[in-house]
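Worksheet for the structure shown next.
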Protein chains: 2
Amino acid sequence: MTTTRVSPVSPTPNRLKEQTGWSGLIETYRPFLPVSATTPVVTLLEGNTPLIPALSISERIGRGVKVYVKYDGLNPTGSFKDRGMTMAISKAKEAGAEAVICASTGNTSAAASAYAVRAGLKPFVLIPDGYVALGKLAQALLYGAEVIAIDGNFDDCFNLVKDIAQEYPVTLVNSVNPYRLEGQKTAAFEVVDQLGEAPDWLCIPVGNAGNISAYWMGFCQYHQQNKCEKLPRMMGFQAIGSAPLVQGYPEKSPDTIATAIRIGNPANWKRALAVQEASQGGFNAVTDEEILDAYRILAREEGVFCEPASAASVAGLLKVQDTVPSNTTIVCVLTGNGLKDPQSAIDHAQAQVKAGVASELDAVAQAMGF
Amino acid sequence: MTTTRVSPVSPTPNRLKEQTGWSGLIETYRPFLPVSATTPVVTLLEGNTPLIPALSISERIGRGVKVYVKYDGLNPTGSFKDRGMTMAISKAKEAGAEAVICASTGNTSAAASAYAVRAGLKPFVLIPDGYVALGKLAQALLYGAEVIAIDGNFDDCFNLVKDIAQEYPVTLVNSVNPYRLEGQKTAAFEVVDQLGEAPDWLCIPVGNAGNISAYWMGFCQYHQQNKCEKLPRMMGFQAIGSAPLVQGYPEKSPDTIATAIRIGNPANWKRALAVQEASQGGFNAVTDEEILDAYRILAREEGVFCEPASAASVAGLLKVQDTVPSNTTIVCVLTGNGLKDPQSAIDHAQAQVKAGVASELDAVAQAMGF
């Protein structure tokens, strides 16, 4: 058995320079964020996600239009929620909280749990009993969240977490937490830093309308600081069965395969309308089929695997492509990692395993089409 | 219905500067890689993964030891395999290949498929019939791989893909492809760039022993170019049921929960021994229980979710921690994203959902421990 050999000489003294690479959102964009020198920075080095040229989608549109995808699924817990959570948890820690709470079964619960445990805070997650598949909670559970299932629906959960945060020393980190959008706006800073200018259009999936509001806030702040010369037109896309901003009134029974944007009455409704107005943008709806087509195009042509809801941005762009001016630059936001939802990949891959092939060169070659 | 408003004025001319941010491994480390000006660079902007300070693990060890995790699960397809694949696929494209093939059910098939479709090459994946759960193939299928299941075992698959690559215009991208390690060595460059120096120890899970060889190659090349003053001791960790390099002979029936390193006869055996010798490193074995403990510690204390196999590096470090010299800097490599294997998270979270709680403030508060 090979054992570890430890050198008899004393170790090299620790002569490391200060760590150089990316240091997380808060350190990178500190002047733009509501933090002070005494704010404890709770970070998993989120952000710094790639802006990937979408070669095939650009080609589909043609006319010199350049499309990029901002792949925010490569954040530490797999979604853009980490951007907001590094801020929300750092501020909770600064305020002396010992626990945080949210009502969520998806990306929010994962991000809240990861950042909370890193900060030494206890994460609580409230869900409706009997409604949620365990797989959706895999991350929160492994991060050590205490998950409480109540005899009620999602609305009950939201009301209860608000009450809990009011009555007990527990910080609410659902999207009503004002620091969430502050963190999320840094995605716009990154887009400008990566492109060297703001894009002409920003295409983004819209559920609660928090992220579109955050991006716009980021672009405006960067513009005021002369970091970019223009502001993008903000193009929000909703699923057709859950499109309150497109139809102009709340949707009582929101229904779409894109669960991350299945929201009938967006919390940031007014903000979203203001963004549309100010940016000369628009809201449009896409069908589930269009979302799934875009999901497959991203995977099969670009090599990018996102959550179905994320693909709404690309589905929307393809839907309105005839209205895209020539020679413009467009960024589509992909909010979550496709690995969050492997079942959708299996269900919608439209690929089959060719089984029962003999273990012989000729048989395999034939199966391959030679 | 709100429609898209298109401005009547002509669009802003496309005045973008060249894209600034991270441009992928090949562009960033071009002088160190076997590419020329005419090599088509196939990239998803892989690499640039965070080096996260492991605060809790550092504290567990104490004595001024600083531990970081290199979180390579944040590569575009969720594992370090993307580093090798950007090289392998770019070189295949350069050589005029129209298809690539590999025998794999895991991270290799995902990475190969994503980069192949991005390059416009057809990806083929060979697997043993009736052996593989569909979930493991979700990524490859969505990326559009043609998956062929043969009446044979994994050895048969490996032999067949070699024969196919010999006889037909198809490039083999399994680990025997020499460009794979060239790409993987860039992880060592990043560690040095991020720390400002090489670490004292590099802890890494060892299966086929390709990655430990690639890291060492990277550290040595950087050292020769005076990018770092020292070289790390390379500490490889295997699962005890699959520990050929520790026991000194191949394991006929490798068995461990850490499937990504369940390899009985590593392809890079000689190379790994040379690395051990040259770096004064060592190979040690960890039990599945130690791996799962480290997996949970990473999630519940650091907020980092990795594949079980990845946690072998941290499990190993904790096991030999008494031999770590004081005031040293240690990097543990986390090769894959925990989202690749949600079932392990559910099975091993050791957390429970507290169900059946009444939808009332007092009941919820009581369930929370108030």
Exercise. Mind checking which residues of region B:187-245 are over 19 Å from residue B:48 (Cα atoms) and β-branched (Val, Ile, Thr)?
Worked result: B:206, B:240
Problem set entry | In region A:227-267, the residues that are away from chain B (no Cβ under 14 Å) and acidic (Asp, Glu) | A:255
Problem set entry | Test result for residue A:245, within 12 Å of residue A:284 (Cα to Cα), assigned to a helix (DSSP H, G or I) and in contact with a helix residue (DSSP H, G or I) (Cβ under 7 Å, 6 or more places away or on another chain) | yes
Exercise. Going by the structure shown, is residue B:209 more than 8 Å from every other protein chain (Cβ to nearest Cβ), closer than 26 Å to residue A:340 by Cα, of a type outside the set (Asp, Glu) and in contact with a helix residue (DSSP H, G or I) (Cβ under 8 Å, 6 or more places away or on another chain)?
Worked result: no
Seminar exercise, completed: Apart from one, (1) at the interface with chain A (Cβ under 10 Å from one of its Cβ atoms); (2) closer than 25 Å to residue B:52 by Cβ; (3) of a type in the set (Ser, Thr, Tyr) all hold for residue B:313; the odd one out is (1)
Problem set entry | Residue list for region A:269-285, filter: surrounded by fewer than 22 Cβ atoms within 10 Å (Cβ to Cβ) and either at pLDDT below 95 or of a type in the set (A, V, I, L, M, F, W, C) (or both) | A:269, A:273, A:274, A:278
Problem set entry | Qualifying positions in region A:176-185 - crowded, with 24+ Cβ neighbours inside 10 Å and not charged (D, E, K, R) | A:183, A:184
For this session: State whether the residues of region A:306-319 include one that is touching a strand residue (DSSP E or B) at 6+ places or on another chain (Cβ under 6 Å), assigned to a helix (DSSP H, G or I), within 25 Å of residue B:135 (Cβ to Cβ) and not hydrophobic (A, V, I, L, M, F, W, C).
Result: yes
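I'd like to know if region B:144-159 contains one or more residues that are touching a residue at least 12 places away in the same chain (Cβ under 8 Å), among the acidic types (Asp, Glu), touching a strand residue (DSSP E or B) at 6+ places or on another chain (Cβ under 6 Å) and more than 19 Å from residue B:97 (Cα to Cα).
Initially, region B:144-159 is screened for residues touching a residue at least 12 places away in the same chain (Cβ under 8 Å), giving B:144-154, B:156-158.
The next check asks that each one be among the acidic types (Asp, Glu); those that pass are B:146, B:151, B:156.
Filter once more, keeping what is touching a strand residue (DSSP E or B) at 6+ places or on another chain (Cβ under 6 Å): B:146.
From what is left, the residues that are more than 19 Å from residue B:97 (Cα to Cα) are none.
No, because not a single residue in region B:144-159 is touching a residue at least 12 places away in the same chain (Cβ under 8 Å), among the acidic types (Asp, Glu), touching a strand residue (DSSP E or B) at 6+ places or on another chain (Cβ under 6 Å) and more than 19 Å from residue B:97 (Cα to Cα).
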Seminar exercise, completed: Of B:16, B:44, the only residue that is at pLDDT below 95, of a type in the set (A, V, I, L, M, F, W, C) and not assigned by the TED database to the domain that holds residue B:330 is B:16
Exercise. Quick one: how many residues across region A:278-289 are out of contact with any strand residue (DSSP E or B) (no Cβ under 9 Å at 6 or more places or on another chain) and facing another protein chain (nearest Cβ under 10 Å)?
Worked result: 0
Problem set entry | Qualifying residues in region A:348-370 (those that are part of a helix (DSSP H, G or I) and either charged (D, E, K, R) or under 30 Å from residue A:308 (Cβ atoms) (or both)) - the one nearest to the other protein chains (Cβ to nearest Cβ) | A:348
Problem set entry | Members of region B:348-370 found to be in contact (Cβ under 8 Å) with a residue 24 or more places away in the chain and either in the same structural domain as residue B:291 (by the TED database) or surrounded by fewer than 20 Cβ atoms within 10 Å (Cβ to Cβ) (or both), listed by number | B:348, B:350
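Tally the residues that are among the aliphatic types (A, V, I, L, M) and more than 17 Å from residue B:161 (Cα to Cα), restricting the search to region A:347-370. It would help to see each step written out before you state the result.
Of all residues in region A:347-370, those among the aliphatic types (A, V, I, L, M) come to A:349, A:351, A:353, A:355, A:357-358, A:361, A:363-365, A:367-368.
Still in the running and more than 17 Å from residue B:161 (Cα to Cα): A:349, A:351.
Total satisfying the criteria: 2.
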For this session: Select from region B:248-294 the residues that are part of a loop (DSSP other than H, G, I, E, B) and hydrophobic (A, V, I, L, M, F, W, C) and write down the one among them that is farthest from residue B:212 (Cα to Cα).
Result: B:257
Exercise. So which residues in region B:326-347 are over 30 Å from residue B:48 (Cβ atoms) and either surrounded by 15 or more Cβ atoms within 10 Å (Cβ to Cβ) or at the interface with another protein chain (Cβ under 9 Å from one of its Cβ atoms) (or both), if there are any at all?
Worked result: B:326, B:346
For this session: Filter region A:28-83 down to residues that are out of contact with any helix residue (DSSP H, G or I) (no Cβ under 8 Å at 6 or more places or on another chain) and of a type in the set (Lys, Arg) and give me whichever is farthest from the other protein chains (Cβ to nearest Cβ).
Result: A:30
Exercise. Give me the pairs: first residue in region A:287-310 and over 16 Å from residue B:140 (Cα atoms) and acidic (Asp, Glu), second residue surrounded by fewer than 24 Cβ atoms within 10 Å (Cβ to Cβ) and at pLDDT 95 or above, beta-carbon distance under 7 Å, and six or more apart or on different chains, which are they?
Worked result: A:290/A:319
Exercise. Could you say which residue among B:208, B:226 is farther than 16 Å from residue B:33 by Cβ and touching a residue at least 40 places away in the same chain (Cβ under 8 Å)?
Worked result: B:208
Problem set entry | Qualifying residues in region B:111-140 (those that are facing chain A (nearest Cβ under 8 Å) and of a type in the set (Val, Ile, Thr)) - the one nearest to residue B:151 (Cα to Cα) | B:127
Problem set entry | Residue within region A:236-252 that is surrounded by 24 or more Cβ atoms within 10 Å (Cβ to Cβ), closer than 20 Å to residue A:319 by Cα and touching a Cys at 6+ places or on another chain (Cβ under 9 Å) present | yes
Seminar exercise, completed: By residue number, the members of region A:320-347 that are assigned by the TED database to the domain that holds residue A:72, assigned to a helix (DSSP H, G or I) and polar (S, T, N, Q) are A:321, A:323
Exercise. What number goes with the only condition from (1) touching a residue at least 60 places away in the same chain (Cβ under 8 Å); (2) more than 13 Å from chain B (Cβ to nearest Cβ) that residue A:194 does not pass?
Worked result: (2)
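The values are calculated or read from the model by the stated rules, or taken from the named source; none is laboratory data. Note that this is a predicted model, so its numbers are computed, not measured. Because the Cβ atoms are built from the backbone with ideal geometry, glycine has one as well, and the counts that use them run over all protein chains shown.
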